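Down below is the structure, laid out as structure tokens.
The values are calculated or read from the model by the stated rules, or taken from the named source; none is laboratory data. Just so we're clear, the structure is a prediction, and the values are computed from it rather than from any experiment. For neighbour counting, all protein chains shown are included, and Cβ atoms are generated from backbone atoms with ideal geometry for every residue, glycine included.
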Amino acid sequence: MKYNLDLASLSIHQYKEILKKQNLLPSRRILLQHLDENFQLLENMNISTISQLGKSLSSPQKISLFAATSGIPEGYLVILRREIHSLVQKPVPLSSFPGIASSVLEKLHDEGIDNSKDYFESNRVEKDELSGLSDLVRINGVGPVAAKAFYEAGFKSVSDVAHAEAANLLGRVSDVNEARHYYKANLGIKDMQFCIDFARLLLDLCS
């Protein structure tokens with residue numbers, strides 16, 4: 001199983017639905033303006049996958065050319081490119097996960113394993129806490145401390161999150177965080193539903 005989404009298998013239709021459900025940063029909410037019209041223009045340019053779109057927007061020069069030929073505002077495309085990049089999760093240093101003993105980290109370092117991607121791809125037969133945490137941070141928006149809260153709430157893998165119900169996920173994770181103070185963010189139902197939807201995408205597109 002791949003660590004990140006296969007962007008060549010993620011259609012622009014699927015991505016449009018992701019954007020509609022995502023709790024975007026204020027600076028990126030421009031993407032919701034004329035969303036259907038702009039994505040129709042992408043289709044008119046024969047863009048069918050996010051991989052294709054990313055390649056078409058891979059430099060300022062390409063963005064300017066694409067804007068001129070597609071009719072989509074250049075500023076919109078710049079923000080869209082940034083948001084697409086967030087689909088690919090950067091590996092998390094194992095030392096960022098709360099409560100992992102330094103002796104464990106040192107042993108793994110000696111094996112050449114220093115981050116979540118290394119650990120995930122080591123394909124350990126016995127699934128331990130680090131396996132679960134390294135899996136959970138593949139979900140867009142779930143960092144190392146949030147992953148710890150998910151794990152302690154009983155959601156120990158991407159699969160667990162994918163099969164969760166948003167209100168139940170929020171309640172259990174919030175209870176853990178209230179007791180342990182892992183993160184300060186004020187998460188809501190919409191955030192949890194996004195995590196669930198992204199986890200389902202990972203199951204569908206990373207096998």
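A few points about this structure:
- Qualifying residue in the range 16-32 (condition: within 17 Å of the chain's Cα centre (by Cα), among the charged types (D, E, K, R) and under 24 Å from residue 135 (Cβ atoms)): yes
- Verdict on residue 97 being touching a residue at least 60 places away in the same chain (Cβ under 8 Å) and either among the basic types (Lys, Arg) or in contact with a helix residue (DSSP H, G or I) (Cβ under 6 Å, 6 or more places away or on another chain) (or both): no
- Residue match in the range 96-107 (condition: surrounded by 13 or more Cβ atoms within 10 Å (Cβ to Cβ) and within 21 Å of residue 9 (Cβ to Cβ)): no
- Single condition residue 59 does not satisfy, out of (1) polar (S, T, N, Q); (2) surrounded by 14 or more Cβ atoms within 10 Å (Cβ to Cβ); (3) modelled with pLDDT of 95 or more: (2)
- Close pairs (6 angstrom Cβ cut-off, 6 or more residues apart or separate chains): of a type in the set (D, E, K, R) in the range 2-26, part of a loop (DSSP other than H, G, I, E, B) anywhere: 2/206
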